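Below: one structure, written as structure tokens.
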Amino acid sequence: MRIAIISVSREGAGIAKSLLKPLRAKSIHRTSVGRCWNSYDAFVFIGAMGICVRTIAPYVNDKHSDPAVVCIDSLGKHVVSVLSGHVGGANDLTRDIAAILAASPVITTQSDNAGLWAIDTFKKRFGWEEKYCTDMNACIFDFVNRQPTALVLGIRDEGTDYLERTLPEHVTLEERLGDALKKDYALIVIVSPFRDKAFFDLENFKGNFVYFVPRCLTFGFGLAHQARPATKVLGEMVQAISQAHCFFDGQTWCSIDVKKDEPFVRALRHRGIGAKFHFFTAEELAAVEVPNPSATVEQHVGTPSVCEAAAILGANGGPLILEKQKGENWTLAIAIDRRYLRSASSSSLAPSLGASPSAPSSAPSFGASPSSPSLGASPSAPVASSPVTVLGGFPAETSAHIEIIGAGPGDPELISVRGRRFLEQADLILYAGSLVPKALTECHKPGAVVRSSADMTLEEQCALMQEHYDRGHLIVRLHTGDPCIFGAIQEQMAYFDAHGMRYHITPGISSFLAAAAELRSQFTIPERTQTIILTRGEGRTPMPDREKLHLLARSQSTMCIFLSAAIVDDVQRELLQEYPEDTPVAACYHLTWPDQHIYRGRLKDLARIVHDNHLTLTTMLVVGEAIDNRAGLSELYSKDFTHLFRKASE
């Protein structure tokens with residue numbers, strides 16, 4: 001977010017200076033605001049509200065294009081969201097700045113103050129396409145005034161989980177769009193990549209509605225060589241997708257790697273629909289079982305299936321919702337990742353798996369409207385609060401304390417209950433911003449200081465914690481995964497020990513455990529491998545000679561390699577000295593984050609997988625035959641095995 005800070009008084013200069021670094025902002029003069037109006041995403045005024053309003057008044061145009069504007073009083077006590085609270089992100093920026101300054105955020109939008117959803121932020125917050133909408137302002141008006149509202153969900157994702165978890169009293173969850181249309185609702189909110197016959201009845205609905213399309217479908221496609229005309233091929237595929245009751249905007253398209261430079265792919269990229277692409281090798285595709293294999297296809301490209309296999313691979317092994325469809329020079333199949341599937345009794349907006357398309361359909365001519373929020377950063381300014389100490393690992397009221405907490409792999413729901421409670425009570429949260437999602441800190445109490453350590457040196461971190469410690473505060477130092485694994489906490493503990501500062505460690509779920517869960521693999525196999533090696537490749541930090549990768553690889557145990565995507569060529573070369581070249585591998589990017597991606601393959605292809613998918617930081621490399629293994633039985637539950645809690649059968 002490009003942020004400009006304008007200090008209109010000498011008293012505000014110190015506040016402006018303290019915000020420049022954590023917000024990555026630039027300081028400009030008030031007379032430059034008009035010239036820079038379209039060059040920044042947000043303007044932060046420090047001074048009187050009247051000066052702020054008079055400065056921006058000539059340039060205010062539209063909520064969908066205006067930048068966010070925030071005003072801070074010259075003493076730094078109040079941070080006010082002035083303009084573009086939801087769409088421009090001023091409300092979120094206000095909260096972020098208030099957390100940095102330990103000030104009071106002032107937000108006047110009704111949905112925020114009433115604890116209701118900000119519907120116009122769903123597009124950016126959850127990554128959904130806003131496909132159709134009668135009028136967003138009218139939808140918001142109905143919603144915040146608690147008019148009867150229907151919520152219809154066709155899939156399950158982070159966003160729909162949030163909506164179900166926070167369902168207001170005036171909102172009813174309807175299983176079917178048709179059911180909602182038969183009732184007297186003022187507003188219908190639909191979240192689905194699917195549409196059924198009732199979709200067209202929306203044209204006759206007298207109330208307001210908004211239709212969000214999540215990015216959760218995978219389109220697998222095959223093409224004849226240099227299939228042309230590309231626009232005709234695309235048009236025919238779009239019609240097939242429409243006949244399958246699906247939207248194609250913003251979804252993922254997958255095929256065999258030899259097709260990645262075809263005219264059709266170039267045309268689709270230029271279409272501007274937010275499509276993502278994944279391409280697989282013939283070997284990867286051939287390993288996928290499909291309902292409609294083709295000997296002809298196998299003869300030409302080395303795999304019996306392209307479109308169906310690519311769709312299934314792109315959906316992480318999820319089921320087909322549309323089997324192979326054939327055009328003159330193309331094939332198409334659609335799959336969905338199982339994590340997006342709702343229960344068997346879920347909405348009729350989800351077609352039956354493996355369905356064949358029915359009559360063609362065209363979209364009604366409704367208008368659409370934009371949306372989007374934003375996020376900021378975080379540092380200092382202490383706040384008064386009750387002193388604390390630790391009893392049984394959780395604070396009681398007596399003296400200052402530092403809790404080092406493992407944040408887990410990324411998903412805010414995977415932090416420990418104890419860790420969450422500390423975050424909710426902390427006076428200072430210092431989190432590893434380069435590795436820990438900021439969402440983990442959003443449970444902080446009013447007045448808490450929330451600061452990313454990504455741009456701070458060790459000395460700056462310790463000084464900030466010391467300042468709060470001296471005030472008797474509860475301090476949370478939030479590290480990624482489990483802090484004891486590549487957590488860089490040793491030097492901080494040395495400082496705490498030297499200065500007599502009380503501290504404790506709350507463990508977290510390491511990313512190697514998240515990798516096992518997301519791979520659905522047990523990393524120890526009876527009688528094959530009973531050891532898990534956690535290590536890293538040798539980059540700028542030297543490895544001890546006895547811990548070189550090729551030496552560790554001699555056991556051919558399950559190996560989880562941290563912090564090594566940037567040196568993957570060296571990693572692969574060392575591992576191949578001991579592991580067979582066909583050893584299963586997985587490159588796991590942003591495990592449990594919303595943009596998680598997992599790429600499976602063989603050791604001989606590990607470097608190519610990482611390079612082709614542009615994987616960088618926060619990528620876990622897993623090597624070993626335990627990946628996807630289902631062979632071998634543990635004695636633990638064998639009827640012939642006696643242990644402390646059970647005798648073997650006679």
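The values are calculated or read from the model by the stated rules, or taken from the named source; none is laboratory data. Only a predicted model underlies this, so the values are computations on that prediction, with no experimental measurement involved. Glycine gets a Cβ as well: all are built from the backbone with ideal geometry, and neighbour counts include every protein chain shown. Remember, those area values only see protein heavy atoms, side chains included, never the ligands or the DNA or RNA. Shrake-Rupley method; radii C 1.70, N 1.55, O 1.52, S 1.80 Å.
Residue-wise HN-Hα couplings along the range 238-247, as the Karplus relation 6.51 cos²θ - 1.76 cosθ + 1.60 with θ = phi - 60° gives them from phi, are 4, 5, 5, 5, 5, 5, 8, 6, 10, 8 Hz; Gly and Pro carry x.
Here the Karplus curve 6.51 cos²θ - 1.76 cosθ + 1.60, taken at θ = phi - 60°, turns the phi angles of the range 569-580 into couplings of 4, 5, 4, 4, 4, 5, 5, 5, 5, 10, 7, x Hz, with x standing for Gly and Pro.
For Leu217, the amide hydrogen comes within under 5 Å of the amide hydrogens of Thr252, counting only partners 5 or more places away or on other chains and with H modelled in the peptide plane. Packing-based ranking of 611-621, 639-649 yields 611-621, 639-649, ordered from highest to lowest mean Cβ neighbour count within 10 Å.
When the pairs Lys131/Lys232; Lys123/Lys259; Lys77/Lys438; Lys131/Lys182; Lys259/Lys604 are compared against a 27 Å limit on Cα-Cα distance, Lys123/Lys259 fall above it. Charged side chains reduced to their Cβ positions (Lys and Arg at +1, Asp and Glu at -1) give the chain a dipole of some 1100 debye around its Cα centre. Cβ distances below 4.7 Å define possible disulfide partners, and in the chain the cysteines left without one are Cys36, Cys133, Cys139, Cys216, Cys246, Cys254, Cys307, Cys443, Cys462, Cys484, Cys560, Cys588. What FRET efficiency would be calculated for the residue pair Thr524, Asn113, taking the C-beta separation as r and a Förster radius of 56 Å, to the nearest 0.05? Efficiency for this residue pair is about 0.60.
Residues Thr441, Thr252, ordered by accessible area of protein heavy atoms at a 1.4 angstrom probe radius and largest first, appear as Thr252, Thr441. Ranked by solvent-accessible area (1.4 Å probe, protein heavy atoms only, all chains present), the residues Arg95, Arg266 order from largest to smallest as Arg266, Arg95.
Between amide H atoms placed 1.01 Å from N, distances below 5 Å from Cys246 occur with Arg195, all of them 5 or more places distant or on a separate chain.
Summing +1 for each Lys or Arg and -1 for each Asp or Glu, what net charge is found among the other residues whose Cβ lies under 15 Å from the Cβ of Ser510? Provide the component values of the computation, followed by the final result.
On the way: positive: Arg536; negative: Asp411, Asp482, Glu518.
Around Ser510, the surrounding residues sum to -2.
Distance between the 7 Å Cα→Cβ label points at Leu576 and Asp41: 4.1 nm.
Can you check what the net charge comes to around Cys443, using other residues whose Cβ is under 11 Å from the Cβ of Cys443 (Lys, Arg +1; Asp, Glu -1)? My count for the surroundings of Cys443 gives +1.
Across the accessible surface of the chain, with the other protein chains kept in place and a 1.4 Å probe, carbon and sulfur atoms take up 50 percent.
For the range 1-35, the residues whose backbone nitrogen is under 17 Å from a point 7 Å from the Cα of Arg54, taken along Cα to Cβ, are 7-10, 30-34. When the surface is traced with a 1.4 Å probe over the full set of protein chains, Glu158 keeps roughly 120 Å² accessible. Solvent exposure of Arg573, expressed as accessible area, is near 130 Å², computed with a probe of 1.4 Å over the protein chains only.
Counting charges near Pro526 (Lys, Arg +1; Asp, Glu -1) among other residues having Cβ under 15 Å from its Cβ returns a value of -2. Rolling a 1.4 Å probe over the protein heavy atoms gives the chain an accessible area of 46 Å² per residue. The calculated 222 nm mean residue ellipticity attributable to helices in the chain amounts to -7000 deg cm²/dmol, summing -39500 (n - 2.57) over DSSP H runs of n ≥ 4 and dividing by all residues. With 0.36 nm allotted per residue and the present C-alpha distance subtracted, the Ser32-Ser649 stretch has 213.7 nm of extension available.
Within the straight-line cut-off of under 18 Å between alpha carbons, the lysines reachable from Lys26 are Lys17, sequence neighbours fewer than 8 places apart in one chain being disregarded.
In plain terms, the chain from Ser555 to Leu167 could stretch by 134.5 nm, reckoned as 0.36 nm per residue minus the Cα-Cα distance.
Taking the alpha carbon gyration tensor of the chain, multiplying each eigenvalue by 5 and rooting it gives semi-axes of 42, 38, 24 Å, largest first. Computed packing ranks the peptides 270-276, 309-315, 79-85 as 309-315, 79-85, 270-276, most packed first, by mean other Cβ atoms within 10 Å. Between Asn145 and Lys326, the distance separating the two model label sites (each 7 Å from Cα on the Cα→Cβ line) works out to 5.7 nm.
According to the Cα-based calculation, Rg over Rh for the range 248-311 is 1.01, with Rh computed by the Kirkwood formula. Estimated at 0.36 nm per residue, the fully extended path between His300 and Ala286 surpasses their Cα-Cα distance by 3.8 nm. Summarising the label geometry, the points placed 7 Å from Cα in the beta-carbon direction at Lys182 and Arg342 lie 1.6 nm from one another.
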